[in-house]
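Q: Have a look at the structure that comes next, please.
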Amino acid sequence: MQRGALLDAARSLLSEGGTEALTFPALAERTGLARSSVYEYFRSRAAVVEELCAVDFPVWAAEVEAAMAGADSPEARIEAYVRQQLALVGDRRHRAVVAISASELDAGAREKIRAAHGGLITMIVEALAELGHDQPRLAAMLLQGVVDAAVRRIELGVAEAPPEIAEAAVSMALRGVRG
């Protein structure tokens, strides 16, 4: 129960203030635990980050996969893949993952994040192969780059509204630079 409260507090801290806000004193304050108690659950910030990735990323990926499962063509699955990821940008779990990915992490935490992203990319390879891509894995990685750029654009709070960014990202994914 305390571990869950600590993870929830970590999500809040990350989404509110980025990685700088994720400190053991802040976790202790948010949960009402003594700082020493936080160390009983996690040995370091990196351990908190790894646990968040282990808990949150599969939920996020399952939501993307469920959106894709409801689509009836390769193009519709690609659109669902892009739209669902962008729809999750406002979710606290997603904000935490974005903050985490921008932070200074140890090699183990970085590898877990890379593996989780690899799972997302694997989801879309089949749809890209059905569309005739010679290198569907490469195309999937490039497509994820479009999604990641759109996520960053939304997170920055730029001039375009999130729905406009989503439309542009879907258009880029399905029609390339032709629009």
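Only the coordinates and a few stated rules stand behind these numbers; no lab work does. Note that the structure is predicted; figures quoted are calculated from it, not measured. For neighbour counting, all protein chains shown are included, and Cβ atoms are generated from backbone atoms with ideal geometry for every residue, glycine included.
Q: Could you work out the percent of alpha carbon pairs in segment 15-83 separated by over 21 Å, rounded to a whole number?
A: 47 percent
Q: [x] 15.0, 43; [y] 15.8, 60; [z] 17.8, 57: which one is Rg and Dmax of the Cα atoms in Å as calculated from this entry?
A: Of the listed options [x] 15.0, 43; [y] 15.8, 60; [z] 17.8, 57, [z] comes from this structure.
Q: Let me ask something additional. Sum -39500 (n - 2.57) across every DSSP H segment of at least 4 residues in the chain, then divide by the residue count to get the 222 nm mean residue ellipticity, nearest 500.
A: Rounded to the nearest 500, it is -25500 deg cm²/dmol.
Q: Scanning the chain for GluC sites (Glu not before Pro) in DSSP loops with at most 16 other Cβ atoms within 10 Å, what's the longest stretch left with none?
A: So the longest stretch without any such site is 1-103.
Q: Right, something else. Please label the shape of segment 110-179 as rounded, prolate or oblate, based on the square roots a ≥ b ≥ c of the eigenvalues of the alpha-carbon gyration tensor (a/c under 1.5 means rounded; beyond that, a/b larger than b/c means prolate, else oblate).
A: oblate
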